[in-house]
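J.: Below is the structure I would like to discuss, written out as structure tokens.
Only the coordinates and a few stated rules stand behind these numbers; no lab work does. What you see is a predicted model; the values in this text were computed from it and never measured. Counting neighbours? That spans all protein chains shown, and the Cβs are built from the backbone with ideal geometry, glycine included.
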Amino acid sequence: MLSKRVIVCLDVRDGKTTKGVKFVGNVDIGDPVEMARIYYEQGCDELVFYDITASHEKRGIMIDVVRRVAESIFIPFSVGGGIRNREDMREALLAGAEKVSVNSAAVQNPDIISQGARAFGRQCVVLGMDAKKVEKSAAIPSGYQVFINGGRTPVNLDARQWAVEAQRLGAGEICLNSIDADGTQQGYEIKLTRMISEAVDIPVIASGGGGSPEHMAEVLTEGKADAVLVASIVHYGTYTIGQIKQDLARQGIPVRSVLE
């Protein structure tokens, strides 16, 4: 079995790492460059950087912060927020990112996925998806609706159908965030994660709700996720990356050693 990845998420607003619950009540908690270096040294497998207000504010990503983070770490690094076209993708990759995550822009212009995959390879293109549980309907048959603009705006798009379409267009990975679970530390949304994981053949990263290694083990097994995104529990010092990996290994989850 392939090793499961532990990925740290840095939500960035106005140049500072921030954290909220269910996309509201955000508070600034630190410098993203310094935090990235700490998590790299602790042994995280990858880092994700989201400029969480770029799409809502209709501006590009803070490329200077991306560049400074990339200079401080030596692990795969994905960036998202404000990636509006192929040139934005190119700029982020040239600044040091290995992957670019498209969310709102992909919903509004799905061809950005294909353009990025053709230009840079599908391994560089991540679909970011924010989904929320709703009543099932003809438009939303899975019962999970896609939201854009940092979880602010619902769109008439079914999460499962969008995941399948994104894979067809060329996305190499999906970072799936549950709005209902985001920041709660009460556990990942297992049903949603398993549904998307079973619908596509590309890796799925579970995001939203991780509060303990037990939650991670559950979504990696029952939810069939390929990786977990963590934020609050490491930002607030509840666990280090090393502690998370040790606990996952004790539960039989294959992970990369922090010494590798």
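J.: So for the pair Asp64, Thr153, with labels modelled 7 Å out along Cα→Cβ, what separation do we get in nm?
T.: About 2.8 nm separates the two model spin labels.
J.: Same structure, new question: Any idea what the relative contact order of the chain is, in percent, if you count C-alpha pairs under 8 Å spaced at least 6 apart?
T.: Across the chain, relative contact order equals 18 percent.
J.: Count the DSSP beta bridges whose two residues both fall in the chain, then state the antiparallel fraction as a percent rounded to the nearest 5.
T.: 30 percent
J.: Below 8 Å between Cα atoms, with a sequence gap of 6+, how large is the relative contact order for the stretch 65-165 in percent?
T.: Values: 153 pairs, mean separation 18.4, N = 101.
The normalised contact order for the stretch 65-165 reaches 18 percent.
J.: What are the aspartates and glutamates whose alpha-carbon lies under 15 Å from the alpha-carbon of Lys224, with same-chain residues fewer than 8 places away excluded?
T.: Within the straight-line cut-off, Lys224 pairs with Glu173, Glu189, Glu198, Asp201, Glu214.
J.: Same structure, new question: Report the FRET efficiency, 1/(1 + (r/R0)^6), for Gln243 and Gln123, where r is their Cβ-Cβ distance and R0 is 25 Å, rounded to 0.05.
T.: Efficiency for this residue pair is about 0.25.
J.: A follow-up question, please. Sketch the reach of a paramagnetic label on Glu41 as a point 7 Å from Cα along Cα-to-Cβ, and name the residues of the stretch 226-243 whose backbone nitrogen lies under 19 Å away.
T.: Answer for the stretch 226-243: 234-243.
J.: Less than 12 Å Cβ to Cβ from Val48, Lys/Arg counted +1 and Asp/Glu -1: what total charge do the surrounding residues give?
T.: -4
J.: Grab the beta carbon distance between Lys136 and Gln251, set R0 = 45 Å, and tell me the FRET efficiency rounded to 0.05.
T.: The computed FRET efficiency comes out at 0.85.
J.: Select one label from (1) 140; (2) 111; (3) 124: the one whose number is volume of the Cα convex hull per residue in Å³ as derived from the coordinates shown.
T.: (2)
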